[in-house]
1. All but one of (1) in contact (Cβ under 8 Å) with a residue 12 or more places away in the chain; (2) within 24 Å of residue 367 (Cβ to Cβ) hold for residue 296; state the number of the condition that does not hold.
2. Taking strands (runs of 3 or more DSSP E) that fall entirely within the stretch 632-700, which contain at least 2 residues that are in the same structural domain as residue 739 (by TED's automatic domain parsing), crowded, with 22+ Cβ neighbours inside 10 Å and at pLDDT 90 or above?
3. When residues of the stretch 282-308 are filtered for being assigned to a loop (DSSP other than H, G, I, E, B) and over 19 Å from residue 328 (Cα atoms), how many remain?
4. Would you mind telling me which numbered condition in (1) part of a helix (DSSP H, G or I); (2) at pLDDT below 80; (3) surrounded by 16 or more Cβ atoms within 10 Å (Cβ to Cβ) residue 147 fails?
5. Are any of the residues in the stretch 13-22 farther than 15 Å from residue 226 by Cα and modelled with pLDDT of 80 or more?
6. Considering (1) aliphatic (A, V, I, L, M); (2) in contact with a strand residue (DSSP E or B) (Cβ under 8 Å, 6 or more places away or on another chain); (3) crowded, with 16+ Cβ neighbours inside 10 Å, say which one residue 536 fails and leave the rest.
7. Would you mind stating whether residue 259 is within 18 Å of residue 348 (Cα to Cα) and among the β-branched types (Val, Ile, Thr)?
8. Can you say whether residue 464 is surrounded by 12 or more Cβ atoms within 10 Å (Cβ to Cβ), among the small types (Gly, Ala, Ser) and at pLDDT below 65, as far as the supplied structure shows?
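The values are calculated or read from the model by the stated rules, or taken from the named source; none is laboratory data. Predicted model, so just to flag it, every value in this text is computed and none were measured. Positions of Cβ are generated from backbone atoms using ideal geometry, with glycine treated the same way; all protein chains shown enter the neighbour counts.
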Amino acid sequence: MIVEGTYSWPLVVLSICISTVAAYTALDLAGRVRNAAGWIRTGWIVTAAIALGGGIWAMHFVAMLAYRMPMEVSYDLTLTALSLALPIVVTGVGFALVCDRVVSWPVLIASGLIMGCGIATMHYLGMHAMQMPATIDYDLRLVAASVGIAIGASIAALWLAFAGTVSSRKLAASGAMGLAISGMHYTGMAAATVWMRPDAADMVMDPALDPMALASAVAALTFLILFLALLASIVDQRLALASAREAAVLQRSQERFVTLYRRTPLPLHALDENGCIEHVSDVWLDVLGYELDEVVGRPLTDFMTEASARRRVEVDWPALLASQKVRGVEYQFITKDGRQLHCLLSAHIERDGDGRFVQALCGLVDITARREAEEQLRQSQKLEALGQLTGGLAHDFNNLLAAVLANLQILRKRLPDDPKLRQLADTAIIGAERGASLTQRMLSFSRRQDLRPVAVNMPELVHGMADLLQRSIGPTVQIETKFPIGLPLVKADANQLELALVNLAVNARDAMPEGGTITISTRGVSKISVDSELAVGEYVCLTVADTGCGMDSATLAAATQPFFTTKGVGKGTGLGLSMVHGFAGQSGGRFVLSSEVGVGTRAEIWLPVAAAVPIANEAPTAPPEQASLDTEGPLTILAVDDDAIVLMGTVALLEELGHTVVEAHSGKVALEILRQTKVDLVITDHAMPVMTGLQLIAAIRQDHPDLPVLLATGYVELPDGADQSLPRLSKPFSSEQLAIAIDAALIAPPADNVTFLRPRPR
């Protein structure tokens with residue numbers, strides 16, 4: 001017999017409410033899954049599974065109690081417990097599959113199939129747990145419909161939970177899901193037909209529980225669990241919002257820190273525990289020439305020279321970690337364009353409350369300009385010391401060469417008529433003369449050569465020596481000249497200027513072995529101070545530029561040093577450029593050398609504009625050669641020199657010229673001789689102890705103002721107030737040069753103003 005049951009509508013409504021609240025709770029808990037990670041996300045998946053799976057089971061159980069049949073009904077506890085566990089497990093599996101993958105329809109359908117089949121199984125397992133004197137038949141079409149509803153409701157639940165349902169739709173979505181789940185249950189119930197068994201009257205059943213009381217208890221417990229789950233979700237949401245606000249505040253603070261850090265007017269950088277760059281200021285980037293994305297994340301040592309990087313890694317970084325701070329450690333950094341910078345680095349380690357490393361805050365100070373200035377000062381001091389040493393050595397060599405040349409010339413005149421002996425003597429004289437030329441270059445570098453400045457027309461000088469220059473450099477090199485109109489005259493020693501120009505042209509030729517072009521040009525600069533080396537005034541710049549191989553920075557820095565040469569052995573003395581440098585400085589100007597590898601070299605000689613000086617090539621009123629014709633008979637000459645060998649050579653040359661010579665080894669002895677002996681001329685060395693040659697001449701002019709004097713020296717730096725027109729003879733000298741100098745001294749007018757220079761006390 002078919003049993004016809006009836007529904008308790010309050011319990012039906014209660015079951016629908018349970019499914020709706022369970023769906024809402026599950027959707028809310030699933031939202032927590034998206035924002036969680038690790039074991040916290042697993043916890044939220046389990047909680048959502050309990051809420052949805054347990055709620056579906058509670059809805060099913062209450063709905064079963066809502067169906068009233070005219071018989072006693074009880075439930076198998078084992079099957080009932082299994083029906084409770086099954087929806088929780090399959091719901092958890094579905095949530096886990098969706099949350100661990102990209103939400104797509106294939107994933108949603110697969111997860112929904114698992115959940116829907118599990119929930120449908122739960123429904124029919126729960127009905128099988130009913131104990132009653134009846135059997136149940138099922139309409140398979142309605143069973144399939146209930147399973148389809150379960151699968152569809154599961155897919156919808158997963159899609160709403162993980163596909164981005166907004167809060168405003170959550171309540172409507174949960175209501176729809178509740179109705180769908182309830183529809184699944186009541187469709188399944190409609191598929192069942194209950195048949196009373198014939199032996200039902202003889203069966204003894206356990207006393208049935210009150211359906212309303214049991215349903216109320218299950219509903220109350222379910223609502224309590226769902227409420228606690230919602231409360232946990234709300235608390236977590238509030239905590240998440242608070243954390244999000246804190247994170248936003250921290251992010252804004254970090255952004256402000258980064259902005260302030262980048263815009264600070266100092267070259268700063270921050271490093272992590274591995275020494276890699278985390279933050280840099282814009283000034284830091286400007287100093288080294290990099291972009292932000294080119295430095296962040298890279299080790300600081302990537303921007304240092306190899307030596308600095310090795311010291312940083314092996315010594316300074318461990319010391320910084322140990323001492324927490326360093327001050328003023330010097331490193332060499334490499335800019336993006338390859339320049340090397342000298343920088344002082346200071347750093348401080350920041351640690352948190354537990355002593356863990358946070359970051360290293362560092363700052364740079366670019367001291368490249370200071371180091372270059374110090375290097376220039378050291379170079380200048382070195383060159384000054386070298387110049388003083390060179391000048392002293394050149395003077396001593398001149399004295400020695402003076403003695404050698406004097407004796408060789410006398411020896412050659414007195415040799416027998418033997419060609420071999422005369423050839424040996426001539427060779428020795430040529431060697432001594434080359435040594436004299438070398439010492440002249442050394443004196444030029446040390447700015448102690450004897451210059452005779454005149455007013456020089458530079459374009460005329462260059463054009464006048466054009467043939468000489470072309471012969472010196474050969475046919476493969478062309479010479480071009482560029483001179484402006486109306487260029488003023490310059491004050492310079494014409495002979496030394498010609499020699500400097502030849503040296504520059506020869507150097508330019510050697511830099512162009514395959515041929516090229518040398519450009520000689522001039523320009524005037526009026527009433528400016530070019531740099532600290534020159535006084536304010538008017539200058540003319542003579543430029544010699546070539547198209548040769550050029551020089552690197554190291555070669556350029558050493559090019560003007562004496563004896564430095566890039567030529568092969570025996571092909572250069574290394575004094576050409578140093579002579580030009582010394583000549584320009586001694587002339588009141590300067591020498592500037594610039595070069596670039598593969599482009600060429602540019603040499604500039606700056607010379608002051610002439611004012612009230614003799615014109616070059618102007619014929620003297622009384623040439624020394626003419627004066628020598630007017631000299632009558634031999635002279636009595638007082639020769640003064642503290643070097644016995646040099647004095648011996650001078651005496652020999654004077655005697656060879658037919659003069660009578662009186663010798664003196666010091667200024668004091670010379671003055672005593674003059675008090676007792678009448679002489680026609682005094683020839684004196686300058687660099688003598690106790691009383692110099694200038695001091696001796698000043699003393700002579702006090703007592704013998706009309707007595708001619710001649711200063712013979714390797715170099716002369718006349719002090720202020722001394723007689724600048726004093727007749728001079730440069731050592732070493734030949735007998736012909738000595739004769740001409742004697743004639744010039746005899747016709748020289750006496751000085752109008754005489755400065756008495758007191759001898760230095762011993």
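1. Residue 296 satisfies all of (1) in contact (Cβ under 8 Å) with a residue 12 or more places away in the chain; (2) within 24 Å of residue 367 (Cβ to Cβ) except (2).
2. Numbers: elements: 636-640, 660-664, 681-684.
Qualifying strands (runs of 3 or more DSSP E): 636-640, 681-684.
3. So in the stretch 282-308, the residues assigned to a loop (DSSP other than H, G, I, E, B) come out as 289-291, 295-298, 305.
Next, only the ones that are over 19 Å from residue 328 (Cα atoms) stay: 289-291, 295-298.
The total comes to 7.
4. It fails just one condition, (2).
5. At the first step, the residues of the stretch 13-22 found to be farther than 15 Å from residue 226 by Cα are 13.
Right, trim to modelled with pLDDT of 80 or more and you get 13.
For the stretch 13-22, residues farther than 15 Å from residue 226 by Cα and modelled with pLDDT of 80 or more: present.
6. For residue 536, the exception is condition (3).
7. Details: within 18 Å of residue 348 (Cα to Cα): no; among the β-branched types (Val, Ile, Thr): yes.
Considered against the rule, which asks whether it is within 18 Å of residue 348 (Cα to Cα) and among the β-branched types (Val, Ile, Thr), residue 259 comes out as no.
8. On the way: surrounded by 12 or more Cβ atoms within 10 Å (Cβ to Cβ): yes; among the small types (Gly, Ala, Ser): yes; at pLDDT below 65: no.
Spelling it out, it is not the case that residue 464 is surrounded by 12 or more Cβ atoms within 10 Å (Cβ to Cβ), among the small types (Gly, Ala, Ser) and at pLDDT below 65.
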